[in-house]
Amino acid sequence: MVACFQTAAPGKALRPAETRLDEQVRAVDISGLRFSWSVSSVPVLDIDSLQVDKGRRVFIEGPSGSGKSTLLALLAGIVKPRYGRITVLGQALDEMHGPARDRFRADHMGIIFQMFNLVPYLTVVENVTLPCRFSHRRRVKAMRSAGSVEAEARRLLTHLNLDHTDLLSRPVTELSVGQQQRVAAARALMGAPEIIIADEPTSSLDAAHRKDFIELLFEECRREDTTLVFVSHDTSLAPMFNRTLRLTQINRADSAAAGKRRPS
Amino acid sequence: MTSIFSLAFKSFRNRKVSVGLTVVSIALSVTLLLGVERIRSEAQTSFTNTISGTDLIVGARTSPLQLLLSSVFGLSDATNNIQWESYEALSKHPGVDWSIPISLGDTHAGYRVLGTNGAYFDHFRYGPKQALQMQAGGWFASEEGAVLGAEVAEQLGHQVGSNIVVAHGSGDVSFVTHDAHPFHVEGILVRTGTPVDRTVFVSLAGIDAIHAEMDPADEQGHDPLNAHAVSGPHHADEPKVITAFYIGLKSRSAALSVQRMVNEYKGEPLSAILPAVALQELWGIVGMVEKALLTVSGFVVLVGLSGMLVAIMTGLNERRREMAILRSVGARPLHVFSLIVGEAGVVTLIGITAGIAMLYGLLIATQPLIASRLGLFLGMTGLSGYEFILMGIVCVAGFVIGIIPGYRIYMYSLADGMTIRV
């Protein structure tokens, strides 16, 4: 039982390997990647090569069914590729076992979903500090930044224009969608992970809020030199990013096959 | 560990009502289980201690159970009487510390009348070697004196000084009453929770006196010819026959040899039983009912735990989203699994704790009532070893049941990954 909670053990998170995470190392480096949901089924993702430099803000665009969610699951280390190499921050995810990938994700990645980002029974601050429950590294970083985990959460929330005290004391389910997404952004940024993965975080926001949200996110990413991988089907957002990748162009897997990836 | 448990705790708070109801149902079933077990074990102790400190019971030759039922419980009529001489001879055995002669066969308003002497009050013990106590008056001193068990006095409204009439035979309605020879109530005993409460005690001489007047109507063992046939000096307080007698030995280890001696007694065919052994045997028969009760309450606990399973399972689909969020911040599938199993375990533990608290609350509230109505003294003792084992089983069962939804959410979280399913 105890072994599975090692993420919180002091010293474990700051392994010597991580000191190699210098400027030369790419944030993401994919080569010869092929992924299918089962051995027999057709690959849904087949990427020859994909690199993302550190500190860049990359927009990955693709219609639904183009393998976006699969690519994010691979980047986050939820699933393993069948073939090829996927290196994040110099660490080969394809070589790690499940719990190590979970720990890596806890330590180095912040993830924002399209909607329903918040745990309903936690307060706003508790939702934001959630990654610190699973990552000692991020807890230490947050404490170093603001003195305490809660103070860091409040600092981030203030930066994201969520500093009204009555807002923080309200149940998260009573927040507006825009507010919920900003709380989710604060959580992803908590403890300054190196990579933020955002999966259509703005699709439930209206146009005005969409731009505000992305700008606030950029500002925070710039401060910590965080790499941002932003996935969306909304091409109108692309000009705001350093770089735009079209998944339909880099994914050589048959898109028709990709659509059929989960047989019913 | 603490982080996952504080999450589980906060999740509970969010689902106060459903978790609360589950806890209540488990607590109620645990209270029932422990309550039944308490009463069962107390009933057994009280039953097997109906008579304690008595090493042997001697009566006319019959089966041990028959002798026990007639001499201790007054439930069946003795088949035969034994001669006073036999009693005298055997009670003078060097190994015998004390003896209590008893004479049965008469009733008062349906309650059995037991003829004996002062030795009964001095030596009879019940429960954990408890002596009889008087709640009013004292032990009878005269031939016409009577002492009532607590229930007799209460039910019939007799007090010290009342007159009572004894009927022959053990039926509720007897045509033969010994009207000419009423007894005066001289004392009332404190409740014991044993057949003593339902007994009227009179002197042996008193029993003899009423039968002496009623001899023609008396056919059951009080044979006038027999009385005349007996030779030797006869004191006024000595009857000719008695039904049985209790023996206390100087040394318990002599019980078996004295028993053999009684069984081989030459004067007349006699039986001696070890009451503790006979009571255990009898409990083996009576105790089946209580075992069945305990089994039923075990099933009630199972129903309570199933209720918890249903509650967790129905909430599981809603919580898949929550699990995906936890996975995204670095929770492992095993974390998610232990969150659910831990929830089942904690709910069970709280249920058990609440159940135990309820049991003691109930004990405090009902103890006087149970003691006075059933004669069962349910002590405020801590949990017995057996009760601890029972609670351990319930607790393990709670965790094991939690594995079902836990495994399910584990599979979900492997399949869903971070995909948020709506």
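Bear in mind that the values in this text are calculations on the coordinates, not laboratory data. Since the structure is predicted, the reported quantities are computational estimates derived from the model, not experimental observations. Don't worry about glycine lacking a Cβ; one is built from the backbone with ideal geometry, like all the others, and counts go over all protein chains shown.
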Item to check | Cα-Cα separations in region A:27-259 greater than 32 Å, expressed as whole percent | outcome: 18
Next on the checklist: Need one value for A:126-138: mean number of C-beta atoms belonging to other chains within 10 Å of its residues' C-beta atoms.
Outcome noted: 3
Checklist entry - Hey, got the average number of other protein chain Cβ atoms within 10 angstrom for residues in A:99-112? => result 3
Checklist outcome for this item: Note, region B:268-273: 3J(HN,Hα) by Karplus (6.51, -1.76, 1.60, θ = phi - 60°), whole Hz, Gly/Pro = x, goes 7, x, 10, 10, 10, 10
Checklist entry - Amide H neighbours of A:THR244 under 5 Å, counting only residues 5+ apart in sequence or on other chains, H built in-plane at 1.01 Å? => result A:PHE59
Checklist entry - For peptide B:89-98, how many partner chain Cβ atoms fall within 10 Å of a residue's Cβ, on average? => result 0
Checklist outcome for this item: Nearest-0.05 FRET efficiency for B:ILE285 and A:ALA92 at R0 = 56 Å, using Cβ-Cβ distance, is 0.15
Checklist outcome for this item: Computed over chain A: longest principal axis from alpha-carbon atoms vs helix A:98-108 long axis, angle to nearest 10 degrees, is 50
Item to check | Ratio Rg/Rh [Cα only; Rh per Kirkwood] for the protein assembly as shown | outcome: 1.32
Item to check | Extension gain (nm, one decimal) between B:ALA397 and B:VAL277, 0.36 nm per residue minus Cα-Cα | outcome: 39.5 nm
Checklist entry - Angle between the Cα long axis of helix A:177-189 and the longest principal axis of chain A, 0 to 90 degrees, nearest 10? => result 80
Item to check | Fewest-first ranking of B:THR194, B:THR366, using other Cβ atoms within 10 Å as the exposure measure | outcome: B:THR366, B:THR194
Checklist outcome for this item: Interchain or sequence-distant (5+) residues whose placed amide H lies within less than 5 Å of the amide H of B:THR107 are B:VAL113, B:ALA167, B:HIS168, B:GLY169
Next on the checklist: Counting only helical runs of four or more DSSP H residues, what would the 222 nm mean residue ellipticity of chain A come to if each run contributes -39,500 (n - 2.57) and the total is spread over all its residues?
Outcome noted: -10000 deg cm²/dmol
Checklist entry - Residue by residue through region B:183-192, which ³J(HN,Hα) values in whole Hz follow from phi under the Karplus form 6.51 cos²θ - 1.76 cosθ + 1.60 (θ = phi - 60°), with glycine and proline marked x? => result 10, 9, 6, 9, x, 10, 7, 6, 4, 10
Item to check | Gyration tensor (alpha-carbon) shape descriptor, region A:161-203, a/c threshold 1.5 | outcome: oblate
Checklist entry - ³J(HN,Hα) across region B:112-120 via Karplus (A = 6.51, B = -1.76, C = 1.60, θ = phi - 60°), whole Hz, x for Gly/Pro? => result 6, 9, 10, x, 7, 10, x, 4, 4
Checklist outcome for this item: Ordered by fewest other Cβ atoms within 10 Å, a rough proxy for footprinting exposure, B:THR45, A:THR226, B:THR348 read B:THR45, A:THR226, B:THR348
Item to check | C-alpha long axis of helix B:16-48 to longest principal axis of chain B, angle in ° | outcome: 20
Next on the checklist: Test of understanding: ordering B:GLU281, A:GLU200 by Cβ neighbours within 10 Å, fewest first, what list do you get?
Outcome noted: B:GLU281, A:GLU200
Checklist entry - Using helices alone, what [θ] at 222 nm do you get for chain B, with -39,500 (n - 2.57) per DSSP H run of 4 or more residues, divided over all residues and rounded to the nearest 500? => result -18000 deg cm²/dmol
Item to check | Amide H contacts under 5 Å for A:VAL44, placed H, 5+ residues apart | outcome: A:PHE35, A:SER36, A:TRP37
Item to check | Modelled FRET efficiency - R0 35 Å, A:GLN249 with A:GLU224, Cβ distances, 0.05 increments | outcome: 0.70
Item to check | Reachable lysines, given that their alpha-carbon falls under 27 Å from the alpha-carbon of B:LYS266 and they are not under 8 places away in the same chain | outcome: B:LYS92, B:LYS240, B:LYS250
Checklist entry - How much FRET efficiency would the formula 1/(1 + (r/R0)^6) give for B:SER142 and B:LEU21, where r is the Cβ-Cβ distance and R0 is 60 Å, rounded to 0.05? => result 0.35
Next on the checklist: I'd like to compare B:87-93, B:195-201, A:30-36: which one has the highest average count of other Cβ atoms within 10 Å, and what's the full order after that?
Outcome noted: B:195-201, A:30-36, B:87-93
